[in-house]
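Undergrad: For reference, the structure I am asking about is given below.
The values are calculated or read from the model by the stated rules, or taken from the named source; none is laboratory data. Predicted, not measured: the structure shown is a model, and the values here were computed from it. Using ideal geometry, Cβ is built from the backbone for each residue, glycine included, and neighbour counts are taken over all protein chains shown.
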Amino acid sequence: MPLALPYPALHATHGGIWIASPNGDVRGIGRGEATARAAETPMIVLNAAVTAARLGIAEFSGLDLLELFAFVHPARFAVPTPAGLARALDLTPPVDDARAPAFLIEAAQTLLGRMAERDDWAEAYGAWNSHQSLARLRWPWSPAIGQVLREPARPERGTFARLPEWDEAGSRPPPLNVQLGETETLDRLAMLVGERAEPREGQKHYATVNARTFDPRAGEGRPNLVLAEAGTGIGKTLGYLAPASLWAERAGGAVWISTYTKALQRQLDQETRRLFPDPAIRREKVVVRKGRENYLCLLNLEDALQGGFQNRAAILAQLVSRWAMYSRDGDMVGGDLPGWLPTLFRRAGSTALTDRRGECVYAGCPHYRKCFIERAARASEGADIVIANHALVMILAQRGADGGHPLGRIVFDEGHHLFDAADSTFAAALTGQETIELRRWIIGPEAKSRGRRRGLSARLSDVASYDEDGALAIEAASAAATQLPADGWLGRLGENLPLGPVERLLAAVRASVYARASAQDAGYGLETDAGEPDPQLIDAAQPAIEALESLMRPMARLKQRLAAVMEDGPDWLDGQARARIEGAIAGLTQRGQLVAAWIAMLARLGGPLDPDFVDWLAVDRIEGREIDIGLHRHWLDPSRPLAETVLKPAHGVLVTSATLRDGEDWSGAEARSGAVHLDQLPRHVAVPSPFDYAAHAEVLVVTDLKRGDVAQLGQAYQRLITAAGGGTLGLFTAISRLRAVHARIADRLARDGLPLYAQHVDPIDTGTLVDIFRDDPHASLLGTDALRDGVDVPGDSLRLVVMEGIPWPRPTVLHAARKAAGGGSVHDDRIVRARMRQAFGRLIRSAQDRGHFVLLGAATPSRLLDAFPGGVPVLRVTLDEAVARVSRGAPVAPSTDVLPGLTQS
C-alpha cells in the first residue's frame, strides 16, 4: 500500500504549468497561481532550481524529488526529468507533461516505500543517522521520511568511521624492457572488440603502429613519439588500449591515458571493463586520477557538518556526507556524485567541500588515512592504466622533472587540444586571486570563524620542532606572505585604498587597463598589452618585486631544510610524515617557480619584451562585475615547454585524435604537439573514418539572414528545430546571443512538444544538460564552446547541428601575437576550420547516424568549407530551402548546386 502523501505536486515547463492534488487530480494553472500556491503550500517538484526559473522567481522552496533520490540512492545517477527518473525507479514514464505532476507523487511514494522495506534497500546503512541530522535542519522531506524509516537494530557508524583506510605500498620497480609483436597486439585488440565483431583493417593498422609507442627508447630525451589520426568510427579507444594494456601487463609498468574532457574520461573508464570484467580486479588495475580540486576534502566536510555550513548549504553537506559513504572514489566533478546535486543548492555550492585553496595539512589531518585524494594517488602507483587529464599529466611531469617520479608512457587522447592545455599549464598570472591563494597556502585561513589553522606552520609543525632553521624559514615565509593581497582586496582597489606593495601594483594595473582598453569590451573582461607601461605601473613594480623576493628566499631555504630532514631520517619520520614532507617540497617547488615567473614578468616591465612570451594586463569581469585583476604571461609557443617537460623525459608518447591534422599535412600536428622540438622524427599514422559522410550528412550554408539581427536569428533556430522535430544542437559564439535566442523561442517550441535547454540559462551543469539532451529525442540544446568539443550523442537524439556563425577567434592580445607569428589570416583560418570540424563531428557518431549541419553565415568564405569531410554535399541555400531539406530528414544525393572544389581524395 503506497504511503499517502499530503502534498500536491507541481511541474513547470516552457510549455505550461500543471498541478496535481494529493489524490492525483491534475489541472493546468497560470504562473501567478503557481507562484502563490507554492508560497502557501509545500509542493513536490523535480529540480526546484529549474522550477523557479520556469516560474520566473528567485527561489522555489519545496520538496525536491532529486534531493530525496540523492538521499535514498546516494552515488546513483538518474536523468533529472520525469522520464529519466521513471527509468531509474523502474516506473512507467508519464506520456506527456500534463501527466508529470501525478507521476511525481508516484515517484515520491516509490522512494519512501523503498525506505520502508529496509531489508531490500541497498543503501540503507547510515540513513537513520543522516535523517536525524537533516531533521534537525528542518529538511522538508524529514516528516515524510520519519513515517517510514525504522531505527536500525544496532547503532551505525558515521561516514568518517565507515570509510576504509588506504594501504601504504612500496615503490614500484622500473618496468621491464619489452617490445610488442604485431600478432599479440592484434590478439589483444580482438579480445577487446569481442566475439560479436571483428577489428576493422583500419583499426588493426592503427593499433599496431601505436604499439611502437611502447618500444624501449633509443636514448635519453628521445621518446618514441607517435602522432595518430583516427577518424570517427575507427574504434580509437580500443585501438590504443590494446597495446597499452598488453605492455603494462608484460612490462609491469603504468600507462597514463590523458583526455581533455571529462566525458571521454568517463567513456574510457567504461571501456576498461572489457579489460577487467571483475570489479575488484578492475579497481586495482584501473584508476581515474584528477586534480585535488575534484575530490571531496574530508576535513572540509567535517567543518561543514560541525556548523561551518548554514541553512541550505548544511543540507547539501549532509547529502554529500551520505554520498561519501557509498562513493567509489570521492570524485565530486564527473565522478559518481550526480552532477545535478550541487546545482540544487545554487547559493551554497559545493566548491567549499573540495581542496581548492591548497589548505591541505596532509598527515596532520585526522582523516589522512581515509583521504580520497591520497587513496587515488597511491592507487595510481600500482595501477596498469591511469586515466587522467592533460593538465594533471603536465603538472605531474613537471614534478618528475624536478626529481619526482617521471611518467614513462603517456597516451594523449583528444590530442588536438594538447596545445591549448599546454598554453594554460605553462602560463603565469600575477593576479589578485593567484596571490591570495598563495597567501592562504603559506599562512592558512585567517578568518576568525575557522578554528583550525592550515598554513605551513600547521602542516610542518613536527619539522619546526625538530629543525630550528626550518622553523625560522617557516616563520620568515609567513611574515613575507602578509605583503600579499588579503581578503577584501577587490573592494579596496575599487575604493583606491590598496594595502601593501602587491595590492598597489594591482591598483596600477587596473588604472592602466581602464585607461587603454577598448570601450567596446566594457561589458566583459578588459585587457591591454604590456608594452610602454605607465610610469605609475613601473614605479609600483619594484616594491612588488622586492616583496616577492622576500617571500621566495625563505621558501627556497625551507625546501632545502625539508630535504635535509628527509636525509637525516629522524625517528618520527614514518611513512605519513615522509609523504607530507614530500608533498610540501613539491608544493614549494611549484610555487617557487610561480613566484620566479612573477618576478621575471615584473622585471621586464618598461624594458624590451621577451620574444618567447606574450605579456598583457587584464581586468577580468563577468557581466560588468570585476572578479580579478593582474598581469598575464603566456608562451608564444607553449609546445616548447611541453616538449622539454613532458615529452623528453618520457619513454613513449602517443598523441591521437580524430582531427589531429585539421585537414593539413603533418607539419601542423608536429608543431602543435611539440614534436618539432625533439631530436628525432615521430611516427605518423592516419586512418580515415569508415563512415559514408557523403551519404549520411549534408552541410547547408544559409545565405539570407541579416548579420546581427537577433530576431531573424531566433526565427531561424525556431524553424530549423521545428523542422527537425527537436534533436538539435545549437552552437553560439556569444553567450548574449544564446540567451536572447533562447528567450525568444523556448516557450513556442515547448508548446509544440519540443523542449529546449541551454547552457548559461538553465541552472543545470553542462554534463547533465547533455544527459537530458541525449535521453530525449525531441529535446534540443543550445550552448557554446564546451558543447562543440567532447559531446558524444550518437543516434536519433542528435540529427541537426546549427552554428550561428563563423567561429572566429576572439581578438585578444595573445591571439594577435600568435596570429602575427603564425602567418596572419592563415592562422585564423586554421583555428576556424578546426572548430568547424569539431562541430561537424558531433553530428555523425555511428554508422547509422544521419543529419544536417546548418551554418547561419551568408558571408562564409569558400576557403573554410574544406573543414568538412570530403564528398559531403555543401550547399548555399536560403533559410526556406534549409528548413525544407531538414524537414525531409535524411540528406539527399549531391546536386549541381554543390560548391565546387570541395571533394577531397
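Undergrad: Could you grab me the full set of residues in segment 175-191 that are polar (S, T, N, Q), outside any loop (DSSP other than H, G, I, E, B) and touching a residue at least 60 places away in the same chain (Cβ under 8 Å)?
TA: Thr185
Undergrad: If you don't mind, there's one more thing I want to ask. Looking only at segment 592-625, how many residues end up being in a strand (DSSP E or B) and either assigned by TED's automatic domain parsing to the domain that holds Ala817 or touching a strand residue (DSSP E or B) at 6+ places or on another chain (Cβ under 6 Å) (or both)?
TA: 8
Undergrad: Between a first residue in segment 1-29 that is under 30 Å from Ala758 (Cβ atoms) and a second residue that is part of a strand (DSSP E or B) and among the charged types (D, E, K, R), which pairs have beta carbons less than 8 Å apart while being 6 or more apart in sequence or on different chains?
TA: Every condition considered, the pairs that remain are Trp18/Arg27; Ile19/Arg27.
Undergrad: Which of the residues that make up segment 275-288 are part of a loop (DSSP other than H, G, I, E, B) and surrounded by fewer than 22 Cβ atoms within 10 Å (Cβ to Cβ)?
TA: Within segment 275-288, Phe276, Pro277, Asp278 qualify.
Undergrad: Can you name every residue in segment 150-168 that is loosely packed, with under 11 Cβ neighbours inside 10 Å and either under 20 Å from Gly253 (Cβ atoms) or touching a residue at least 60 places away in the same chain (Cβ under 8 Å) (or both)?
TA: Across segment 150-168, the qualifying residues are Pro164, Asp167.
Undergrad: Right, here's the next one. Restricted to segment 783-792, and to residues that are aliphatic (A, V, I, L, M) and buried (at least 22 other Cβ atoms within 10 Å of the Cβ), which residue is modelled with the lowest pLDDT?
TA: Once the filter is applied, the top-ranked residue is Val791.
Undergrad: When residues of segment 699-738 are filtered for being among the charged types (D, E, K, R) and at pLDDT 95 or above, how many remain?
TA: Residues in segment 699-738 being among the charged types (D, E, K, R) and at pLDDT 95 or above: 1 in total.
Undergrad: A further question follows. Looking at the structure I just gave you, is Arg172 within 26 Å of Glu271 (Cβ to Cβ) and part of a loop (DSSP other than H, G, I, E, B)?
TA: Against the criterion (within 26 Å of Glu271 (Cβ to Cβ) and part of a loop (DSSP other than H, G, I, E, B)), Arg172 qualifies.
Undergrad: Still on this structure, please answer the following. Would you check if Val595 is at pLDDT 95 or above, β-branched (Val, Ile, Thr) and closer than 18 Å to His677 by Cα?
TA: Against the criterion (at pLDDT 95 or above, β-branched (Val, Ile, Thr) and closer than 18 Å to His677 by Cα), Val595 does not qualify.
Undergrad: Name the pairs whose Cβ atoms lie under 7 Å apart, with the first residue in segment 207-227 and farther than 20 Å from Arg188 by Cα, the second crowded, with 24+ Cβ neighbours inside 10 Å and of a type in the set (Ser, Thr, Tyr), and 6 or more positions between them or separate chains?
TA: Final answer for the pair search is Asn224/Thr213; Leu227/Ser673.
Undergrad: Moving to a separate point now. Could you go through segment 632-655 and let me know if any residue there is in contact with a strand residue (DSSP E or B) (Cβ under 8 Å, 6 or more places away or on another chain), under 30 Å from Gly851 (Cα atoms) and assigned to a loop (DSSP other than H, G, I, E, B).
TA: no
Undergrad: So in segment 115-127, with the set limited to residues that are of a type outside the set (A, V, I, L, M) and buried (at least 18 other Cβ atoms within 10 Å of the Cβ), which one is nearest to Glu156 (Cα to Cα)?
TA: Result: Gly126.
Undergrad: May I ask you to verify whether Ala600 is under 34 Å from the mean Cα position of the chain (by Cα), surrounded by fewer than 17 Cβ atoms within 10 Å (Cβ to Cβ) and of a type in the set (Gly, Ala, Ser)?
TA: Yes, satisfied.
Undergrad: Same structure again: Is it true that Ala893 is modelled with pLDDT under 90, in contact with a Ser or Thr (Cβ under 9 Å, 6 or more places away or on another chain) and among the aliphatic types (A, V, I, L, M)?
TA: no
Undergrad: Step by step: first the residues of segment 835-868, then only those that are within 22 Å of Val791 (Cβ to Cβ) and among the β-branched types (Val, Ile, Thr), then the one that is surrounded by the fewest Cβ atoms within 10 Å (Cβ to Cβ). Which residue is that?
TA: Among those residues, the one meeting the criterion is Ile844.
Undergrad: Would segment 706-713 turn up any residue that is in contact (Cβ under 8 Å) with a residue 40 or more places away in the chain, β-branched (Val, Ile, Thr) and within 21 Å of Leu879 (Cβ to Cβ)?
TA: no
This table checks each residue for (1) touching a Pro at 6+ places or on another chain (Cβ under 7 Å); (2) in a loop (DSSP other than H, G, I, E, B).
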residue	(1), (2)
Gln109	yes, no
Ala124	no, yes
Asn129	no, no
Ala135	no, no
Trp139	no, yes
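Undergrad: For residues that are in contact (Cβ under 8 Å) with a residue 60 or more places away in the chain and more than 27 Å from the chain's Cα centre (by Cα), scanning just segment 580-597, find the one that is surrounded by the most Cβ atoms within 10 Å (Cβ to Cβ).
TA: Here the answer is Arg580.
Undergrad: Quickly run through segment 628-669 and pick out the residues that are free of Cβ contacts under 8 Å to residues at least 12 places away in the same chain and of a type outside the set (D, E, K, R).
TA: Matches in segment 628-669: Ser667 only.
Undergrad: Out of Thr92, Thr110, which single residue is surrounded by fewer than 17 Cβ atoms within 10 Å (Cβ to Cβ) and among the hydroxyl-bearing types (Ser, Thr, Tyr)?
TA: Thr92
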